[in-house]
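**Q** The structure follows.
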Amino acid sequence: MPKLTSHPVLKKINGFWTNLIGSPSAFPLESRIFHSISISLIILTSFYIPYNFFAGLYIGSFSAFVLWAFFGYQYYHSRFNGHNHNNILFGLAGIGIFSLNYFANSGIDGSTDLIWPVYLLLLLAISPYRQHIVWLVAYLMCFLIVHAVAYYYPFLVKYPFTAGKGQFIDRITVFPIPVITIYVIIKYIRRSYDNEKRISEEKAATVELRNQQILLQKDQLEQSSAEKTKLMSIISHDMRAPLINIQSYLGLLNENELESHERPALEKELLNATNNTMQMLTNLLYWSKSQMEGPLVNLVSINLLSVLQNTLEMEKMQASTKDIVLNYRIDDNITAIADVDMLQLVVRNLISNAIKFTPHGGIINIDAQLVLNECKITVSDNGKGIAPDKQQKIFSINTEPGFGTNNERGVGLGLLLCKEFIERQGGRIGFDSTFGQGSSFFIFIPAAVGV
C-alpha cells in the first residue's frame with residue numbers, strides 16, 4: 001500500500017508548506033516552528049479583526065490587528081530576509097497585548113486566560129534555553145499582577161458582550177488559537193525527536209557495522225599471520241629435515257663409510273622421505289597458488305574412471321611399498337562435473353593420507369556411486385583413525401599433523417587443500433573416523449546428469 005505522502009496532491013501541499021516555513025537545511029527547528037505559528041496566527045487574526053470589529057469588540061479587534069501586524073512583520077524578515085525573530089520583543093509584545101486584552105475583554109470571565117499559557121509555550125519553543133526561566137518567571141508574575149489588579153480594582157475591567165451567548169461566541173472563536181499553536185509545536189517537537197532518534201539509530205548501526213568490519217579484518221589478519229607461521233614452520237622444519245638426511249647420505253657415500261649391506265635399508269628410508277617431501281612440496285605449491293590466484297576453476301564434464309585411473313594406479317604402487325592392498329571400484333559409466341587437476345589432487349591426497357596412517361598389510365578401498373544429482377567418492381582404510389580431540393580441526397590450517405605408521409610426517413595442508421578445492425567445484429567433503437579402527441573420507445561433486 002503506497003504511503004499517503006506519495007500522493008501527488010499531498011506532495012504539492014507538503015512542498016508548498018515547506019516553501020512557506022523554510023527547509024530544514026536552511027532554517028533551524030526554532031525558526032521553522034516560529035514560521036508555522038506565524039502563518040497560522042496571521043490566518044486566524046485575519047478572521048478575528050473584522051469579526052471583533054463588527055461585534056463591537058473594538059479592543060479585541062485592535063489586539064488582533066496588532067498580533068497580525070507583529071507576526072507578519074517578524075515572519076517576513078525571518079523567512080525572506082534571513083533575520084532571526086526577536087525573542088525579547090516577541091515576549092514583551094505578548095505581555096502587553098494580553099494584559100490590555102484581559103481588562104478590555106471581561107477579565108477572568110473572558111477568554112484571554114486561554115491564550116496566556118499557549119503563548120508562553122510558543123515563546124519557550126522559539127527562544128534559547130538560557131531565557132526559559134526568565135520568561136517563565138516574567139509571565140507568572142505578570143499573570144498574577146494583572147489578575148490582582150482586576151480583583152482589587154474591578155471597575156477597570158470592561159464587559160463588551162453579554163453573558164451567555166456573548167461568552168459562548170467569545171470562547172468558541174478564541175479556542176482555535178491555543179489548539180492550533182499546541183498542535184504545531186508538538187508536531188515539530190515530535191518530528192524533531194523522531195529524526196534525531198532515526199539519525200542516532202543509523203549512527204549506531206554504522207558504528208556496529210564498522211566494528212564488525214574491524215573485527216573481521218582483525219580475524220583475517222590473525223588467520224593470515226597463522227598461515228604465514230604455518231608456512232614458515234613447513235619450510236624451516238618439515239621440508240628441511242629430509243633434505244638434510246639426503247645431504248648426510250651423499251656425504252657418507254662420498255667418504256665411502258657405508259657398508260654394502262647398509263645401503264638398501266638406508267636408500268629405502270631416503271626414498272620414502274623424498275616421496276613424502278615431494279608430496280609436501282606439491283601441496284605447498286598448490287595451496288600457495290590457490291591463495292594468490294583465487295578461485296580459478298575449469299569445470300568440465302568428465303568420465304570419472306578415465307580421469308582418476310592413472311592416479312589410482314600410481315597410488316596403488318605407493319601402497320604396495322607398505323604391503324597395503326588398495327582396491328578401487330568405479331563404474332565406467334559415471335560422469336561428473338569437475339576440474340580435472342583439482343579432483344586428481346584431492347583424490348591423491350586422500351589416498352596418500354590413508355596410506356600414511358594405515359599399517360603394513362592394511363586395506364584401502366576407493367569406490368564411487370551416484371547419489372541423487374551428486375557423485376560420491378569414498379576413500380576408506382583400516383588404519384589408525386583420528387583422535388576425537390583432533391577431529392574438530394581436521395580441515396583447518398591450525399590442525400596438528402600426526403605421524404604415520406612409519407613415522408611419515410604430514411604438514412597439515414593436505415586436507416585443507418582438499419576442502420578448498422572441492423568447495424570451489426561446488427562440492428563438499430566429510431569424514432567418519434573411529435580412533436584405532438580406521439577412517440572413511442568422502443567427497444561429493446555434481447554429477448553430469450543428462451550430459
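The values are calculated or read from the model by the stated rules, or taken from the named source; none is laboratory data. Everything numeric in this text was worked out from a predicted model, so none of it was measured. Quick reminder, even Gly has a Cβ in these numbers, built from the backbone with ideal geometry, and neighbours come from all protein chains shown. Please note that ligands, DNA and RNA were not included when accessible areas were found on the heavy atoms of the full protein model with its side chains. Shrake-Rupley method; radii C 1.70, N 1.55, O 1.52, S 1.80 Å.
**Q** Looking only at the stretch 310-323, decide whether some residue is at pLDDT 85 or above, touching a helix residue (DSSP H, G or I) at 6+ places or on another chain (Cβ under 8 Å) and closer than 16 Å to Ile429 by Cβ.
**A** no
**Q** Collect the residues in the stretch 79-95 that are more than 21 Å from Tyr129 (Cα to Cα) and surrounded by fewer than 19 Cβ atoms within 10 Å (Cβ to Cβ), keeping them in residue-number order.
**A** Phe80, Asn81, Gly82
**Q** Which one is most open to solvent (accessible area, probe 1.4 Å), of the residues in the stretch 19-30 that are part of a helix (DSSP H, G or I) and modelled with pLDDT of 75 or more? Step through it out loud before you land on a result.
**A** Within the stretch 19-30, the first condition is being part of a helix (DSSP H, G or I), and the residues that meet it are 19-21, 29-30.
Checking which are modelled with pLDDT of 75 or more leaves us with 19-21.
Values: Asn19: 97, Leu20: 41, Ile21: 10 Å².
Here the residue is Asn19.
**Q** If Val134 satisfies all but one of (1) open to solvent by less than 40 Å² (accessible area, probe 1.4 Å); (2) at pLDDT 80 or above; (3) among the aliphatic types (A, V, I, L, M), what's the number of the condition it fails?
**A** (1)
**Q** Take the residues of the stretch 311-328 that are outside any loop (DSSP other than H, G, I, E, B), of a type in the set (A, V, I, L, M) and in contact with a strand residue (DSSP E or B) (Cβ under 7 Å, 6 or more places away or on another chain): which is most open to solvent (accessible area, probe 1.4 Å)? Let's see the steps before the verdict.
**A** First, pick out the residues of the stretch 311-328 that are outside any loop (DSSP other than H, G, I, E, B): 311-320, 325-328.
Checking which are of a type in the set (A, V, I, L, M) leaves us with 312, 314, 317, 319, 325-326.
In the following step, the residues that additionally are in contact with a strand residue (DSSP E or B) (Cβ under 7 Å, 6 or more places away or on another chain) were identified as 312, 319, 325-326.
On the way: Leu312: 0, Ala319: 0, Val325: 73, Leu326: 4 Å².
Selected residue: Val325.
Let's see how each residue does on (1) over 53 Å from the mean Cα position of the chain (by Cα); (2) acidic (Asp, Glu):
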| residue | (1), (2) |
| --- | --- |
| His77 | no, no |
| Asn81 | no, no |
| Asn86 | no, no |
| Phe90 | no, no |
| Gly96 | yes, no |
| Tyr102 | yes, no |
| Asp109 | yes, yes |
| Asp113 | yes, yes |
| Val118 | no, no |
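**Q** Could you tell me whether Arg210 is at pLDDT 85 or above, open to solvent by 70 Å² or more (accessible area, probe 1.4 Å) and in a helix (DSSP H, G or I)? Before the answer, list the steps.
**A** Details: at pLDDT 85 or above: yes; open to solvent by 70 Å² or more (accessible area, probe 1.4 Å): yes; in a helix (DSSP H, G or I): yes.
So Arg210 passes the test.
**Q** Condition test on Asp331, is it part of a loop (DSSP other than H, G, I, E, B) and farther than 27 Å from Pro264 by Cβ?
**A** yes
Residues checked against (1) open to solvent by 80 Å² or more (accessible area, probe 1.4 Å); (2) touching a residue at least 12 places away in the same chain (Cβ under 8 Å); (3) more than 23 Å from Thr45 (Cα to Cα); (4) of a type in the set (A, V, I, L, M, F, W, C):
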{"site": "His77", "(1), (2), (3), (4)": "no, no, no, no"}
{"site": "Ala138", "(1), (2), (3), (4)": "no, yes, yes, yes"}
{"site": "Cys142", "(1), (2), (3), (4)": "no, yes, yes, yes"}
{"site": "Tyr153", "(1), (2), (3), (4)": "yes, no, yes, no"}
{"site": "Tyr159", "(1), (2), (3), (4)": "yes, yes, no, no"}
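**Q** Out of the stretch 435-451, which residues are open to solvent by 70 Å² or more (accessible area, probe 1.4 Å) and either touching a Pro at 6+ places or on another chain (Cβ under 7 Å) or in contact (Cβ under 8 Å) with a residue 12 or more places away in the chain (or both)? First the steps, then the outcome.
**A** Our first condition is that a residue be open to solvent by 70 Å² or more (accessible area, probe 1.4 Å); within the stretch 435-451, this holds for 435, 437, 449-451.
Passing the criteria: Phe435, Gln437, Val449, Val451.
**Q** Which members of the stretch 82-127 meet the condition of being outside any helix (DSSP H, G or I) and touching a residue at least 60 places away in the same chain (Cβ under 8 Å)? Don't jump to the end; show me each part of the working.
**A** Narrowing the stretch 82-127 to residues outside any helix (DSSP H, G or I): 82-86, 105-106, 110-111, 127.
Asn105, Ser106, Gly110, Ser111, Ser127, listed by residue number.
**Q** How many of the residues making up the stretch 324-357 are modelled with pLDDT of 90 or more and of a type in the set (Ser, Thr, Tyr)?
**A** 2
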